[in-house]
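Nothing in this text is a laboratory measurement; each read-out follows from the coordinates by a stated rule. Since this is a predicted model, take the numbers as computed values, not measurements. Methodologically, a virtual Cβ is constructed for each residue, glycine included, from the backbone with ideal geometry; neighbour enumeration extends over all protein chains shown.
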Amino acid sequence: MITYAETSKVMPVYNEESTQENTEETDSEGGTRKVTQSDTRKEVIYEEKDGERTIITQSTSSPVIEGAIITAEGASNATVKTNIILAVEAVTGLATHKIQVFEMAV
């Protein structure tokens, strides 16, 4: 069993339009008023191929693994248990204290 802190993320490419409008008004008594209005429009960009639309992605991040629990035959042997922990550490990048190995009930 593997637990995750975060799932994988897909960052799509966006088409973004921003507009800003500044208005300055002066009244008859010399007072001024400044008004700033901004508008942003953001939409995901798709690629269409053979009638199917797919999102164009900027990047994809892998899920963040938080911990692992392994059950295995022979895990009561210290050498087997150590080898399993080292293998899981090498594949996942988890620290050894976040990996627990238990003997599998037969």
Charge tally in the Cβ shell below 13 Å around residue 31, where Lys, Arg are +1 and Asp, Glu are -1, residue 31 excluded
-2
Segment residue 37-residue 14, length gained on full extension (0.36 nm per residue, minus Cα span):
6.1 nm
At 0.36 nm per residue, and after removing the present C-alpha to C-alpha distance, how many nm does the segment from residue 72 to residue 5 gain when stretched out fully?
21.7 nm
Nearest 10, in degrees from 0 to 90: the angle of helix 78-92 to the longest Cα principal axis of the chain is 20 degrees
Distance in nm between residue 47 and residue 24 label points, each 7 Å along Cα→Cβ, equals 4.8 nm
So what's the gap between the Cα centers of the stretch 69-106 and the stretch 1-67, to the nearest angstrom?
43 Å
Just the projected area, averaged over all directions, of the convex hull on the alpha carbon atoms of the chain: how many nm²?
14.8 nm²
In terms of Cα to Cα distance under 24 Å, which lysines are near enough to residue 81, apart from those fewer than 8 places away along the same chain?
98
P(r) for the stretch 12-60, please, calculated from all Cα pair distances in 10 Å bins and given in %.
20, 26, 19, 15, 11, 7, 1
Can you tell me which of 12-22, 59-69 comes out highest on packing, and rank the rest after it, using the mean Cβ neighbours within 10 Å?
59-69, 12-22
Which whole-number percent gives the relative contact order of the chain, counting Cα pairs below 8 Å spaced six or more residues apart?
30 percent
If the only charges are +1 at each Lys and Arg Cβ and -1 at each Asp and Glu Cβ, what is the size of the charge dipole of the chain around the Cα centre, to the nearest 20 debye?
740 debye
Using Cα pairs closer than 8 Å and at least 6 residues apart in sequence, work out the relative contact order for the stretch 12-60, in percent.
42 percent
Test item: Cα-centred dipole of the stretch 12-60, Lys/Arg +1 and Asp/Glu -1 on Cβ, debye:
200 debye
Could you tell me which residue out of 2, 40, 59 lies farthest along the dipole of the chain toward its positive end? Charges go on the beta carbon: Lys and Arg +1, Asp and Glu -1, centred on the Cα centre.
2
Taking only DSSP H segments of four or more residues, each worth -39500 (n - 2.57), what value at 222 nm results for the chain once the sum is divided by all its residues, to the nearest 500 deg cm²/dmol?
-4500 deg cm²/dmol
Built amide H within the under 5 Å cut-off of residue 65, gap 5+:
5
